[in-house]
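Quick notes on the structure that follows.
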Amino acid sequence: MNGDEITIHQLNAELQRANVQPAQQEMAGKQITKALVDRQILVQEAIKEKLDRNPKVMQAIESAKTQILAQAYLEGKVASIASPTEAEVTEYRVQHPEIFANRKIYVMDELSFIAESSSRQDLEALSNSAKTLEDVTSWLAAHQTKYGRTQAAHAAESLPAELLNKLSKMVVGDLIFVNSNGRTLAGRMVEIKNVPISETDAKPLIERILAGQKRKLAAEAEMARLRS
C-alpha cells in the first residue's frame, strides 16, 4: 500500500493478540486487515506532516519502546519457569476449599453510586442502620444522589480475599457496603448457590494461578538482583 507492505505475520500477530477463535478467524481476519490498512494510511499521513519529529510524539514513542523492552526482558526471564507439579496443585486445592470444594456463587441486588465527600459521615451512619435497599434508595433520594441498580452473581474465585471473607459470613437478606475507586456499592444478598468445582475442572485453574504466582515471584527476584 503506497510502498508499505502489510504482512501475514502482522495479521497473525493481531489475531493472536485479539485471542480470536479458529471458527471466527476468517471474518476477524478481514476486519483486522482493514484496521491494519487504515492504521498504515494514518501513519503515512502522520509522517508526511512530520509528526514523527514532534517532541511529544517522540517522547511517547521512546516511552513505549522502553516499556516494551523492559517487559520483553522480564518475560524472557520467567519463560523457563517450571510448570506447577501435581503435588502443588493438590496442596493449593486443599488449602482453598472456599474456591473449590465449598465454592459458592453470591447473587446480589446492588446499588452503585458516588457520594459527595460532605455526605461521608451520613453514609457511614446509613451503612450501620440500613436494613433494606429501600432504606438506601430513600437516603440517596434525600441527598439527590444518582445511582445505578443491577443484580449480579459473584463467583468465589473472582472475589478479593477480604471481600470473599465478608460475603461468606452473610445470609440471604443481609446488606453490605463496599467502597472502591471512589464509588460505593450497597448490596443485598439475594441467593447463595453451592457450586463446587471438581478436581478435574479445578486443575487448569489452579495451574494458571500457581504459574502466575511463580512468574511474579521470579520477576520480583530478578528486579531485586538487578537493583543490588
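Tabulated data for the structure shown
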quantity	calculated
Descending principal axes extents, the chain, alpha-carbon based, whole Å	69, 53, 49
The stretch 154-197: Cα Rg divided by the 2.2 N^0.38 Å rule of thumb	1.19
R0 of 22 Å, Cβ-Cβ distance LYS203-ILE105: FRET efficiency to nearest 0.05	0.65
Inter-label distance for ALA142 and LEU226, nm, one decimal - labels placed 7 Å from Cα along Cα-to-Cβ	5.5 nm
Cβ-placed point charges (K, R +1; D, E -1), dipole of the stretch 64-127 about Cα centre in debye, nearest 20	360 debye
Descending semi-axes in Å of the stretch 37-111, equivalent ellipsoid built from Cα gyration tensor	47, 23, 12
Other-chain or far-sequence residues with amide H under 5 Å of ALA115's (modelled H)	THR184
Per residue solvent-accessible surface (Å²) - the chain, probe of 1.4 Å	71 Å²
Vicinal HN-Hα couplings computed from phi for the stretch 199-211 (Karplus, 6.51 cos²θ - 1.76 cosθ + 1.60; Hz; Gly/Pro x)	4, 5, 6, 6, 4, x, 5, 5, 4, 5, 4, 5, 4
Pairs of lysine residues in the stretch 108-224 - Cα separation under 22 Å, sequence separation of 8 or more or cross-chain	8
Between the stretch 117-184 and the stretch 70-86, the alpha-carbon center distance in angstrom	40 Å
Highest-fluctuation residue, GLU98, GLU75, GLU45 considered, GNM on the chain with Cα pairs under 10 Å	GLU45
GNM flexibility winner over the chain from ASP174, ASP201, ASP38 (Cα, springs under 10 Å)	ASP38
Simple label model, 7 Å out from Cα along Cβ direction - LEU133 to VAL43, nm	4.9 nm
Net charge contributed by nearby residues that have their C-beta within less than 13 Å of LYS203 (K/R +1, D/E -1)	-4
Fully extended contour minus Cα-Cα distance, from GLN59 to SER83, at 0.36 nm per residue	4.8 nm
P(r) histogram, all alpha-carbon pairs of the stretch 147-228 included - 10 Å bins from 0, percent	13, 33, 25, 22, 7, 1
Accessible area of the stretch 14-101 belonging to carbon and sulfur atoms, whole % at 1.4 Å probe	57 percent
Folded to 0 to 90 degrees: helix 55-78 orientation relative to the chain principal axis, Cα	80 degrees
0 to 90° range, to nearest 10: angle between helix 86-95 axis and the chain longest Cα axis	30 degrees
Normalised contact order of the chain, rounded percent, pairs of Cα under 8 Å and 6 or more residues apart	25 percent
Where labels lie 7 Å past Cα in the beta-carbon direction, separation of ALA23 and ALA153 in nm	2.1 nm
Within a Gaussian network of the chain (alpha carbon springs, distance under 10 Å), most fluctuating of HIS96, HIS154, HIS143	HIS143
Residues ASN181 and GLN95, FRET efficiency given R0 of 30 Å [Cβ-Cβ distance, rounded to 0.05]	0.50
Calculated from backbone phi, Karplus (6.51, -1.76, 1.60) coupling profile of the stretch 38-51 in Hz, x at Gly/Pro	4, 5, 5, 4, 5, 4, 4, 5, 4, 5, 4, 8, 6, 5
In Hz, Karplus ³J(HN,Hα) per residue of the stretch 140-154 (6.51, -1.76, 1.60; θ = phi - 60°; x = Gly, Pro)	5, 5, 5, 9, 6, 10, 6, 8, x, 10, 7, 10, 9, 10, 10
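The values are calculated or read from the model by the stated rules, or taken from the named source; none is laboratory data. Predicted model, so just to flag it, every value in this text is computed and none were measured. Counting neighbours? That spans all protein chains shown, and the Cβs are built from the backbone with ideal geometry, glycine included. Quick note on the areas: whole protein, heavy atoms, side chains included, nothing else; ligands and nucleic acids left out. Shrake-Rupley method; radii C 1.70, N 1.55, O 1.52, S 1.80 Å.
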